[in-house]
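A short write-up of the structure that comes next.
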Amino acid sequence: MDEIGTAQNPLRVAIIGSGPAGFYTVSNFLKNKELVVEFDMYDRLPTPFGLVRAGVAPDHQKDKSVQKAYDKSAQLPNFRFFGNVEYGSDVTMKDLRKHYHQVMFSTGAPFDRNLGIPGEDLDGCFSATEFVAWYNGHPDFADRKFDLSQENVVIIGVGNVAIDVARMLCKTHDELSVTDVADHALLALKDSKVKNVYILGRRGPAQAAFTPPEIKELGEFEDADVTVPLEESKVDAASLALIENDKNAIKNINFISEYAERTIQGKSRLLTIRFLVSPLEVIGEDGKVKSVKVVKNKLVENQDGTFRPVATEETENIPAGLIFRSVGYKGKPLPDIPYNENSGTIMNDSGRVIEADGTPVCGLYTAGWIKRGPSGVIGTNKTCAQETVARMIEDIGKGKINIPEDPSIGGAEDLINGIDSAVVTYPEWQNIDRSELQRGEAQGRPRVKYTDIDEMISIAKG
């Protein structure tokens, strides 16, 4: 038999998930010019690009430009996309092992972590992921309803997702109408009665998880003021010493200080960023959210020099008819894949999938949030995939790969043809893409998305 990875016997790689980590798997493999690889990428949605399409905020079009690089990979003759195909039901591990030498799982972290406090199951308490997916037109969430007649909204968490949610709630219709926000969300947000938005962080400004560009944007609303309680904006000397070489943390602190000193101008909405407060209980009335009880924290230094928030005895109630939690994310357990419940990730060692005892599972790999947890920005997935691809290439050299029964292109095609669902290829996705762009151009917007899978498939199939 010819050596695997040659023109006569190409390396066959299946990629489950078509987000950034999946596409960076392709581009990292392409750096190895001597290796001949054929890629088949699967996604349960008819559309590719994962969170770049369904997670990046509509008003951050520049961040979505990475799709152009992914598109170049997808145009290669050795790449195929199979959308509307779900791992575990449409294709199984047995199927993948039959047709591929290596399988990469890059399925992200679609689930929110709970707060673990009383009342978070009340009507009006949601995960930030639901709201983000709703306004981005994700088919699974297009029918969700959020009561935007409420005047007070609380967002728990101070990462970039929390900032995105706050920005969408505070922007005017004119600011949003030039984005690719889903039509149903644009209409609902136009009629929003929201006046006060609170972002709650359990630690101080020095420990906030958002990035400088995100926090900077909050000061640029057309019709919303931003403020920070002066006392909560202050940073203790020990925290300042810890971050003295962290340029991003210092920038964050500077923006927070500026907001604390700003004069509130009486705009239609007010965004208040709070620090050193933790939610204790969501308080309701008649089954609906009415407020959130929070406790004031103080920072205590750990032995390693980091800080943890410790509750004081001071509490307060913040009025809220709508609450979004944004306190971390975890991956979805996948059939026949070892999963770590605590971290919410696939068990792995530098991207190699491993059993609970640390033994590598031959031929299986992972990258992205399902590998490392929900950290970093889009570009972080590039180095994450690079690490995993390096392990994959190492294993090829050592002969530690799956030996498929039928590694031919025709074999995988037979598998696809046997699936009950309507499989969407990359050229068919381009039909959807063109139609969305045309609809957007007619309205002076980047694109107008389809949010119904049946309609997407109809457009895809022409």
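For this structure, a couple of remarks:
- Helical segments meeting 24 Å axial Cα length and Kyte-Doolittle -1.0 threshold in the chain (DSSP H): 380-397
- From largest to smallest, the equivalent ellipsoid semi-axes obtained for the chain from the alpha-carbon gyration tensor read 41, 26, 20 Å.
- Segment SER268-LYS190, extension gain: residue separation times 0.36 nm, minus the distance between their alpha carbons: 26.8 nm
- Relative to the Cα centre, the charge distribution of the chain, modelled as +1 at Lys and Arg Cβ and -1 at Asp and Glu Cβ, gives a dipole magnitude of about 780 debye.
- Working ranking of peptides 287-293, 219-225 by packing, defined as the average number of other Cβ atoms within 10 Å per residue, highest first, is 287-293, 219-225.
- Along its three principal directions, the equivalent ellipsoid of segment 114-327 from the Cα gyration tensor extends over semi-axes of 28, 21, 16 Å, largest first.
- Pairs spanning more than 27 Å between alpha-carbon atoms, out of LYS193/LYS449; LYS31/LYS247; LYS94/LYS332: LYS31/LYS247.
- Counted by neighbouring Cβ atoms within 10 Å, the residues LYS247, LYS332 run from fewest to most as LYS247, LYS332.
- Separation in nanometres of the label points that stand 7 Å from Cα toward Cβ, at ASP349 and GLU220: 4.6 nm
- Taking other Cβ atoms within 10 Å as a rough exposure proxy, MET104, MET41 sort from fewest to most as MET41, MET104.
- The distance between label points at SER89 and GLU313 comes to 5.4 nm (points 7 Å beyond Cα on the Cα→Cβ vector).
- Convex hull volume of the Cα atoms of segment 1-101, normalised per residue: 94 Å³.
- Each Lys or Arg adds one and each Asp or Glu subtracts one; over the other residues with Cβ under 10 Å from the Cβ of LYS330, this totals 0.
Every number here is computed from the coordinates shown, using simple stated rules; none is lab data. Note that this is a predicted model, so its numbers are computed, not measured. Because the Cβ atoms are built from the backbone with ideal geometry, glycine has one as well, and the counts that use them run over all protein chains shown.
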